[in-house]
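Accompanying notes for the structure given below.
The values are calculated or read from the model by the stated rules, or taken from the named source; none is laboratory data. Computed from a predicted model, the values in this text were never measured in an experiment. Please note: Cβ atoms are built from the backbone with ideal geometry, for glycine as well, and neighbour counts cover all protein chains shown. For accessibility, only protein heavy atoms count, side chains too; no ligands or nucleic acids. Shrake-Rupley method; radii C 1.70, N 1.55, O 1.52, S 1.80 Å.
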Amino acid sequence: MGNRDLSEGYDGHLFNDASLQSALAHEITSPTVLLRQLSLMVADKNTTPDKMDTLSRQLTLTSDKILRMLKTFQYAYDTQQEIKLETINPMNVCVDVVREIKPLFMAQGKKLEIKPRQHSPLLVANYMYLKQILATYLDNALPYCSAEDPVYVSVDVIGEKIRIGVRDHGPSVTINVWDEVVDRLGKAASPVASRPHLSSVGLAVSHKLASAMGCDVGHVRHSDGVTFYVEANLSRQMSLV
Amino acid sequence: MKEVLIIESDTWLGDHFENIVQSGEFTVSRAANSYSAMDMITDKVPAVILMNLKLSSVNGIGLLHELQTYSDTAGVPIIVYADEEGIELETLEPYGVKRVLIGATMKPADVVAAVRGVLA
């Protein structure tokens with residue numbers, strides 16, 4: 001991965017409802033404004049049929065992104081219920097979430113890849129929660145990659161844990177980014193100053209979902225980007241056979 | 001034709017503004033972040049800057065501040081747009097901002113009118 005391994009797990013406090021709602025309302029405005037502007041272009045008499053196809057695709061992908069953000073918000077409150085933990089092949093989750101979000105990267109001329117890995121050990125988590133966390137990381141990584149410097153999703157074994165990471169090429173974040181996100185949620189327009197487009201709601205909810213599954217979230221700072229990760233326990237299923 | 005520099009991190013929103021500004025018979029140059037914007041301005045000072053306050057790296061305020069520190073860029077009229085209301089023109093005027101557009105309410109004609117307005 002990177003040259004520096006400043007790995008920072010997060011074990012801080014949770015946000016309150018008012019700050020979460022305020023932050024979500026703020027964050028969801030950007031893609032909604034984009035949706036509105038794209039719609040105005042569709043309505044423009046001078047828009048050519050070719051351009052109309054592109055706009056239609058952009059409208060769909062932007063709507064998908066808004067729906068993912070709303071799902072994040074929904075998950076923030078669903079964790080009151082009992083969580084079903086299951087044995088999961090981490091590569092399957094990676095393939096699933098990348099298949100869903102890759103079209104958004106491609107439509108913007110950017111690249112999203114999974115680091116190939118055979119025979120990954122299984123982990124214990126909730127499939128939908130894990131997928132939601134990775135979707136948040138990927139949406140956050142989108143502004144910080146290109147066709148030459150793709151975003152990579154990787155699966156690594158770290159001791160007794162499986163780490164799924166999303167590596168981007170954006171500006172660095174502080175060691176305390178997880179605390180900052182929660183502390184400034186709903187109070188600052190851009191809680192992470194170096195990354196105004198980063199979804200603080202997404203990160204805060206990712207932490208909440210991970211905690212609910214007994215997993216950890218954290219990040220690794222590289223000289224030219226950041227890896228946001230989620231770590232889950234290795235499944236003992238095989239050792240019981 | 002006068003040149004308008006559009007500074008927008010979102011590719012699609014940038015495309016949208018480029019189409020609108022070109023329809024007003026201006027030439028357009030594009031920058032995706034504050035750093036590339038400063039490089040482009042160093043090469044050629046545009047007639048107008050149209051920029052999002054929310055950029056992917058250094059935020060828009062940082063760039064506005066820097067532009068005011070150079071004699072050749074301090075006088076360039078700037079139009080900023082923001083997603084939501086609450087950005088006051090009076091607050092940004094010391095940074096050379098002449099118009100504030102709000103993404104939630106603006107229409108394409110407002111953008112062209114703003115560019116023409118600051119050049120008048």
Residues that are of a type outside the set (Gly, Ala, Ser) and either touching a residue at least 24 places away in the same chain (Cβ under 8 Å) or not in a loop (DSSP other than H, G, I, E, B) (or both), drawn from region A:192-202:
A:Arg195, A:His197, A:Leu198, A:Val201
Entirely in region A:76-188, the strands (runs of 3 or more DSSP E) that have 2 or more residues that are charged (D, E, K, R) and open to solvent by 10 Å² or more (accessible area, probe 1.4 Å):
A:161-167
Would it be correct to say that B:Ala113 is within 16 Å of B:Leu5 (Cβ to Cβ) and at pLDDT 90 or above?
no
State which residue pairs qualify: first residue over 18 Å from A:Asn233 (Cβ atoms) and inside region A:85-111, second residue among the small types (Gly, Ala, Ser) and open to solvent by 40 Å² or more (accessible area, probe 1.4 Å) in any location, beta carbons under 7 Å apart, and separation of 6 or more residues or different chains.
A:Gly109/A:Ala147; A:Lys110/A:Ala147; A:Lys111/A:Ala147
Restricting region B:80-120 to residues that are β-branched (Val, Ile, Thr) and assigned to a loop (DSSP other than H, G, I, E, B), the residue that is nearest to the chain's Cα centre (by Cα)
B:Ile87
Sole miss for B:Glu18 among (1) within 14 Å of another protein chain (Cβ to nearest Cβ); (2) touching a residue at least 60 places away in the same chain (Cβ under 8 Å) is condition (2)
Please enumerate the residues belonging to region A:162-192 that are of a type in the set (A, V, I, L, M) and touching a helix residue (DSSP H, G or I) at 6+ places or on another chain (Cβ under 9 Å).
A:Ile162, A:Ile164, A:Val166, A:Val173, A:Val177, A:Val181, A:Val182, A:Leu185, A:Ala188, A:Ala189, A:Val192
Being surrounded by fewer than 19 Cβ atoms within 10 Å (Cβ to Cβ) and farther than 17 Å from B:Ala47 by Cα is the filter here, so list the residues in region B:74-92 that pass it.
B:Glu84, B:Glu85, B:Gly86, B:Ile87, B:Glu88, B:Leu89, B:Glu90, B:Thr91
